[in-house]
1. Leaving out same-chain residues fewer than 8 places away, which aspartates and glutamates sit with a Cα under 20 Å from that of A:Lys91?
2. Using a 10 Å cut-off on Cβ to Cβ distances, tally the other chain neighbours for every residue of B:125-131 and report the average as a whole number.
3. With θ set to phi - 60°, apply the Karplus curve 6.51 cos²θ - 1.76 cosθ + 1.60 along the stretch B:232-243 and write out the HN-Hα couplings as whole Hz, x wherever there is a Gly or Pro.
4. Using the Kirkwood radius over Cα pairs, work out the Stokes-Einstein diffusion coefficient for the stretch A:46-156 at 20 °C and 1.002 mPa s, in µm²/s as a whole number.
5. Using only DSSP helix segments of four residues or longer, with each worth -39500 (n - 2.57), what per-residue ellipticity at 222 nm results for the protein assembly as shown after dividing by its residue count and rounding to 500?
6. Taking the dipole about the Cα centre of the protein assembly as shown, with the C-beta of Lys and Arg at +1 and of Asp and Glu at -1, give me whichever of B:Ala500, B:Leu525, B:Gln363 is farthest to the positive side.
7. When the dipole is taken about the Cα centre of chain B, and only Lys, Arg (+1) and Asp, Glu (-1) are charged at their Cβ, what size is it in debye, to the nearest 20?
8. Give the aspartates and glutamates reachable from B:Lys44 as a straight Cα distance under 20 Å; neighbours fewer than 8 places away on the same chain don't count.
Amino acid sequence: MMHMHKYEKIWLFFGIGSLFVFLAVLGVGAFAQGTQPPSCLTTIDPEKVDQTPPFDKPGLVKTGDNEYQLNIVASAFAYTPNQVEIPKGAKVTINVATKDVIHGFEMAGTNVNMMVEPGYVSSYTQTFDKVGEYVILCNEYCGAGHHLMTAKVKVVEQ
Amino acid sequence: MMNGTWKVDARDGKLAMAHIYVAFVALALGGLAGLLQVLVRSGKFELPAGISYYTILTTHGVLLGLVLTTFFIIGFQFAAVSRTAGTLSDRVRFWGWVGFWLMTIGTAITAFYILIGEASVLYTFYAPLQAHAGFYIGLTLVVVGSWISGFAMFAHYAKWKKAHPGQVSPLLTFMSVVNMVLWLICSLGVAATVLFQLIPWSLGYVDRINVLVSRTLFWYFGHPLVYFWLLPAYMIWYAIIPKIIGGKMFSDSLARMSFILFLIFSIPVGFHHQLVEPGIDPAWKYLQVVLTFMVVIPSLMTAFSMFATFEMYGRSKGATGLFGWLRKLPWGDARFFAPFIGMLFFIPAGAGGLVNASHQLNQVVHNTIWVTGHFHLTLATTVVLTFFGAAYWLIPHLTGRVMTKAMNRLAIIQTIVWSIGMIFMSSAMHFAGLLGAPRRSAFSTYGDAPQALEWVPYQIAQAVGGTILFIGIILVLIIVTNLAFFAPKGETEFPVAEVAEQAERTPLVFENWTLWIGIAVVLILIAYTVPFIDMIQNAPPGSKGFKLW
Ligand code: HEM
Ligand SMILES: [Cu+2]
Ligand SMILES: [Cu+2]
């Protein structure tokens with residue numbers, strides 16, 4: 001139907017070709033290697049977070065050999081707990097739930113970065129291989145104290 | 001046949017100019033807010049009189065993201081359809097004015113509630129933060145006004161088609177129609193959440209809101225919104241710039257095809273803004289990521305078309321060698337220079353966009369200031385510089401004036417100032433974002449965290465760049481005021497390009513609206529039906545409203 005210039009055909013051929021290679025890489029990463037973005041489907045009553053396990057006792061819990069759960073409650077404008085020590089090399093599943101509005105949960109310098117929305121549990125598993133101090137902060141606007149909403153994680157030698 | 005001295009009818013010109021005035025007033029006020037933001041974020045300055053950073057940021061986002069863009073686009077498109085499909089009928093023009101006043105009144109209402117501090121919810125107004133109902137009602141009027149203007153343009157197009165059976169419509173009219181169809185389909189999403197969820201909830205008729213449904217409806221709108229901003233810039237690149245440089249359009253058909261592809265692929269993709277949120281199965285996210293990336297195809301076509309036009313023109317002027325044609329381009333003409341610089345900025349901007357939309361990489365940058373750096377390249381540089389470049393001929397055309405040499409020189413300087421300011425501000429935002437610095441946040445050291453202290457130098461660089469940008473805003477306001485009120489009287493051309501001789505006839509299939517809208521709707525249904533039903537069926541208890549500012 002439509003005629004294209006030869007150079008345009010070449011340009012589009014390579015452009016679209018690399019596009020599909022790129023999408024295939026993302027797809028293999030997601031479905032064959034399991035690197036999906038945080039997409040937890042568990043729901044929770046946002047008004048009963050404090051009574052709902054595991055958020056009734058927020059904090060770090062050992063669940064296996066070198067495996068942990070870190071359960072955190074987010075609310076305007078704080079995380080509970082707001083200081084955590086994690087042994088180096090630990091594989092930690094972080095669960096976060098909010099009692100009020102939407103918050104962010106970002107651990108700067110790591111891949112931990114997820115939205116925390118009322119009614120849902122946000123979850124992501126991360127292994128901490130480097131000793132150091134990481135700042136957790138809220139990166140979704142939640143109100144006047146949004147930029148003060150923070151917590152600290154220390155990864156320490158075992 | 002339709003080129004040369006055709007002038008937009010004076011009455012249509014007034015309608016277009018009314019929109020453009022509002023757009024530039026929004027730029028002035030929004031720019032001031034932007035300046036305050038970068039100063040606050042540098043940590044060296046605090047807002048006086050207890051003004052909240054987030055009130056300022058809401059003002060900036062609403063005025064520049066929603067008001068400046070929508071008003072300029074609708075004003076420009078009214079001028080473009082009048083220029084290419086003939087003077088508007090009295091009825092169409094009347095409805096155009098109805099649309100204009102609804103949008104203007106809506107803007108005033110929304111601005112009022114923001115400024116009295118009843119709506120510091122940012123321009124994305126995510127529930128369960130709850131603004132005063134007036135904020136949502138004002139926004140509704142803006143959207144309804146834009147719909148009325150859209151239908152006025154459709155009616156004008158239909159009239160042209162009726163008078164010219166079997167003929168291909170003028171390119172700029174066709175493109176305006178595509179953009180308004182895109183806008184109409186996507187704004188149904190935001191209208192749904194505002195009318196059925198947010199307004200009843202903020203008025204107290206219902207107690208609770210489904211947060212994820214509201215966000216999903218918002219982002220169903222939010223991504224096509226950026227294409228609604230971008231397509232008018234593409235209209236200018238495809239159909240106007242070739243004339244400004246004295247060349248021809250590379251191909252009319254390819255231009256139409258790329259617009260149709262944008263229409264189809266820019267809507268079923270909102271999940272790429274929701275990649276790191278709970279409650280959505282990652283397989284559906286991935287599907288929408290794939291659809292998102294399809295817009296790479298029309299983007300590549302556009303890039304090819306533009307540079308082919310430039311090269312063809314340069315060679316026709318005797319340029320030789322691989323890049324000799326570059327020297328033949330009219331660098332001293334601000335009508336060309338500003339949009340061209342905008343195009344250049346789109347290269348890194350597009351690359352950044354690929355990162356943002358990637359299933360996994362998004363997690364690295366989501367809600368960091370990287371994202372802000374990204375759309376100050378796409379929207380606040382590529383689109384805005386193109387609009388400025390268009391204003392330099394559109395305003396004098398509509399007001400019966402001419403741009404003086406001095407103003408043209410100032411416009412070149414403006415473009416350079418903008419570029420320098422943006423390189424500073426946007427690069428600093430990108431780098432700080434990669435280190436984790438969040439967006440939408442007043443200055444904070446997060447309890448003197450060493451990581452947060454590393455971001456401060458970048459924030460100072462942002463303040464330097466932002467201050468330079470603000471000078472750019474002052475310059476463009478001087479130019480625009482001059483062109484609207486003080487420039488010498490005279491005739492300025494509304495340039496519309498002709499198609500190159502070797503390009504072939506445009507097939508009529510591009511105007512088979514049932515086909516294209518049908519495909520768009522099918523893709524939307526495929527991408528959204530199942531996850532949307534999931535959200536409703538597995539919904540958690542809803543949320544009450546919160547006013548936390
Ligand atoms: C003087 C020029 C400008 C400066 C200094 C500036 C500065 C900024 C800054 C620092 C932010 C981020 C604040 C934060 O996240 O805490 C921001 C956000 C934003 N800017 Fe600009 N900007 C300017 C011009 C523009 C223009 C021309 C546009 C659009 C046409 C624009 C659109 C936006 C939008 C939509 C946001 C997002 C607001 C939000 O996240 O809620 N800006 N701007
Ligand atoms: Cu927050
Ligand atoms: Cu998007």
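1. A:Asp65, A:Glu67, A:Glu106, A:Asp129, A:Glu133, A:Glu157
2. Details: counts 0, 7, 4, 8, 7, 1, 0.
Across the residues of B:125-131, the mean count of other-chain Cβ atoms within 10 Å is 4.
3. x, 5, 5, 4, 5, 5, 6, 9, 10, 4, x, 5
4. Working: Rh = 13.8 Å.
The diffusion coefficient I find is 155 µm²/s.
5. Mean residue ellipticity at 222 nm (helix-derived): -18500 deg cm²/dmol.
6. B:Ala500
7. On the way: 31 positive and 20 negative charges, 206 e Å.
In debye, rounded to 20, chain B gives about 980.
8. Partners found: B:Asp448, B:Glu454.
Each reported figure results from applying straightforward, stated rules to the coordinates on display, with no laboratory input. All figures in this text were calculated on a predicted structure; none of them were measured in a lab. All Cβ positions, glycine included, derive from the backbone under ideal geometry; neighbour counts span all protein chains shown.
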